[in-house]
There are 2 protein chains.
Amino acid sequence: MEKTEKKEYVTYGNKTACGCGCGAGTEGKGTGITGCRFSLSPMTDNFVDIILGAVKKTHTEKVWQETGKLSTVYRGKQIHVEDAVKACFINAWREGVHMTMEATYSKGCPGDTAGDSFMAEDDELLNEPEIRDVHFPVACKISLYPMGIPNYMEYIAEVVNHAIDLGIYEKSAHYCTVLSCDVQELFDYIHYVNTYCGERLSHYIFEVTFSVNSPTKE
Amino acid sequence: MEKTEKKEYVTYGNKTACGCGCGAGTEGKGTGITGCRFSLSPMTDNFVDIILGAVKKTHTEKVWQETGKLSTVYRGKQIHVEDAVKACFINAWREGVHMTMEATYSKGCPGDTAGDSFMAEDDELLNEPEIRDVHFPVACKISLYPMGIPNYMEYIAEVVNHAIDLGIYEKSAHYCTVLSCDVQELFDYIHYVNTYCGERLSHYIFEVTFSVNSPTKE
């Protein structure tokens, strides 16, 4: 590579309106876009059919979506993003098949843009009627990252303590908190966390790794 | 549940020495412990044998480790944690088998303790001699979270631009950056990020999702 070549660098943090990267005054803040990037990993030879079947069965008319080789991202109004991710996970569940799903919920990134999104006008959930009566146990690890503020641990404690109140908390571990509950309870909790953080933080990331039908007992 | 029951709440953020949750003066800061929590997901009926075989083949005498139903965590000196995670991933690779690995590298959590770790006295890597000549392509998404500071986007830009310099950067996407390179280059880059962040940030999380042998072409 020639040393004189002009590289296309990224410029996060020094071209935002506020100059500090905190997101204040930038395009991303205030767009109200919630997003979720997720990957399903069914541990079976039949993984392609399960993933494609789940994606196809999920109603995504109220979110913007993009699928790549590593993951799928849904973006839009919080409740519709949550509804579509929940449906994709439930639609991929198979009795006895171990599967994990890594999901990154986020809102407010200073580098975000108002594009690549679709904000549905109404709040009617497209998938919930089909999935609200499905029940199976899920083990899960969560990590919350409130960005740009010194007192971020307080927000983490708040959402962990809410899990304790709900009775879905299993334990604290290095770098995450472990939850264990029914799939419906878990997605209700995720809705609580996204609502709590979306209202109070300018930028947060909420990482959730779901696991079903693990052969490992603890 | 009786309302009079005393719940065991967590107290992050309001019992640290500095009172703001930033980590200054707490036990976790300064312990120098780097950790990595990771999960292998080979998408084949044979996943148990692959995971257990990889874990067994990996030399972990220089890290502290704990395996649960959701993931495994290694903690200790940065280079030994990196060496063991790299070995576990390479040892789990099978020709033609699609596999992902979600890995959370981190250092400096204010809620961290000096326990659950093992700091080897020397820098001799136990696994590297056995894996340094193994080559295969990896697709990967990364997300860096520098905690507790307003100018966190600058650090993210720095590590992304370094990937651009190395020629392993594929594209920026919502909530992550996509890399594509040889497995050796990728772990060299991870070492750079952990070193860069470990020296400059009091607390960071570096999320990496690896993917090999994906049937999806882009």
Exercise. What number of residues within segment A:161-184 are surrounded by fewer than 18 Cβ atoms within 10 Å (Cβ to Cβ) and under 16 Å from the mean Cα position of the chain (by Cα)?
Worked result: 1
Exercise. When you look at B:K217, is it free of Cβ contacts under 8 Å to residues at least 24 places away in the same chain and in a strand (DSSP E or B), yes or no?
Worked result: no
Problem set entry | Selection within segment A:90-101 - surrounded by fewer than 22 Cβ atoms within 10 Å (Cβ to Cβ) and out of contact with any helix residue (DSSP H, G or I) (no Cβ under 9 Å at 6 or more places or on another chain) | A:E95, A:G96
Exercise. Which of the residues belonging to segment B:54-89 are out of contact with any helix residue (DSSP H, G or I) (no Cβ under 7 Å at 6 or more places or on another chain) and among the small types (G, A, S)?
Worked result: B:G68, B:S71, B:G76, B:A84
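Can you pull out the residues in segment A:110-124 that are more than 13 Å from chain B (Cβ to nearest Cβ) and either modelled with pLDDT of 95 or more or touching a helix residue (DSSP H, G or I) at 6+ places or on another chain (Cβ under 9 Å) (or both)?
Just the residues of segment A:110-124 that are more than 13 Å from chain B (Cβ to nearest Cβ), to begin with: A:118-124.
Matches in segment A:110-124: A:F118, A:M119, A:A120, A:D123, A:E124.
Can we say B:E158 is within 10 Å of another protein chain (Cβ to nearest Cβ), over 22 Å from A:E102 (Cα atoms) and either touching a residue at least 12 places away in the same chain (Cβ under 8 Å) or surrounded by 16 or more Cβ atoms within 10 Å (Cβ to Cβ) (or both)? First the steps, then the outcome.
Values: within 10 Å of another protein chain (Cβ to nearest Cβ): yes; over 22 Å from A:E102 (Cα atoms): yes; either touching a residue at least 12 places away in the same chain (Cβ under 8 Å) or surrounded by 16 or more Cβ atoms within 10 Å (Cβ to Cβ) (or both): yes.
Against the criterion (within 10 Å of another protein chain (Cβ to nearest Cβ), over 22 Å from A:E102 (Cα atoms) and either touching a residue at least 12 places away in the same chain (Cβ under 8 Å) or surrounded by 16 or more Cβ atoms within 10 Å (Cβ to Cβ) (or both)), B:E158 qualifies.
For (1) closer than 12 Å to B:V208 by Cα; (2) more than 9 Å from chain A (Cβ to nearest Cβ); (3) assigned to a strand (DSSP E or B); (4) among the polar types (S, T, N, Q), each residue gets a yes or a no:
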position: B:M101; (1), (2), (3), (4): yes, yes, yes, no
position: B:S106; (1), (2), (3), (4): yes, no, yes, yes
position: B:L126; (1), (2), (3), (4): no, yes, no, no
position: B:E154; (1), (2), (3), (4): no, no, no, no
position: B:T177; (1), (2), (3), (4): yes, no, yes, yes
position: B:F187; (1), (2), (3), (4): yes, yes, no, no
position: B:Y192; (1), (2), (3), (4): no, yes, no, no
position: B:Y196; (1), (2), (3), (4): no, yes, no, no
Problem set entry | Within segment A:128-148, tally of residues that are under 20 Å from A:G32 (Cβ atoms) and either over 16 Å from the mean Cα position of the chain (by Cα) or part of a loop (DSSP other than H, G, I, E, B) (or both) | 2
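Kindly indicate whether A:A173 is in contact with a Leu (Cβ under 7 Å, 6 or more places away or on another chain), touching a residue at least 12 places away in the same chain (Cβ under 8 Å) and at the interface with chain B (Cβ under 10 Å from one of its Cβ atoms).
Criteria not met by A:A173.
The values are calculated or read from the model by the stated rules, or taken from the named source; none is laboratory data. Because the structure is predicted, anything quoted here is derived from the model rather than measured. Positions of Cβ are backbone-derived with ideal geometry, glycine not excepted, and every protein chain shown enters the neighbour counts.
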